[in-house]
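Notes follow once the structure below has been shown.
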Amino acid sequence: MCIEGFPTSDQFAEHHIKPQQPIKMTGAAKQLPAYHKWTDEYLVAEHGNKWMNVEPKKEHRTMSKISTRMWEFIDFYTGRNVYSVTSLDRDMKYVQIASRYTNQQ
């Protein structure tokens, strides 16, 4: 089944959890505050000096794993075939958890 956005928790339980049916939610991420707020510019301004681990995608294993600051990663990730494998920094986790209860990111 494919729906636009998120189902209600009752709909999700009734139509997907109980009968163990998959669901595809198109456009759902765009409804989250973080989708619009957590731009590259925001991440650099708020968390740019935090350290993170970066490694190449499977197709490009000639690059070594590196540690870099978030602003450096954001500066070069769009032009390279890399991704971050780091956990969220404690400050970023707090924002994520708090937003569940306050509807803010």
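The values are calculated or read from the model by the stated rules, or taken from the named source; none is laboratory data. Only a predicted model underlies this, so the values are computations on that prediction, with no experimental measurement involved. Neighbour counts run over all protein chains shown; Cβ positions are idealised from the backbone, glycine included.
Among what's in region 1-38 and is of a type in the set (Ser, Thr, Tyr) and at pLDDT below 90, pick the residue that is nearest to Trp71 (Cα to Cα). Per the stated criteria, the residue is Tyr35. The residue that is farthest from the chain's Cα centre (by Cα), among those in region 15-31 that are without any contact (Cβ under 8 Å) to a residue 12 or more places away in the chain and within 30 Å of Ile74 (Cβ to Cβ), is Lys30.
Residues in region 48-65 that are in contact with a helix residue (DSSP H, G or I) (Cβ under 9 Å, 6 or more places away or on another chain) and at pLDDT below 90: Lys50, Trp51, Met52, Val54.
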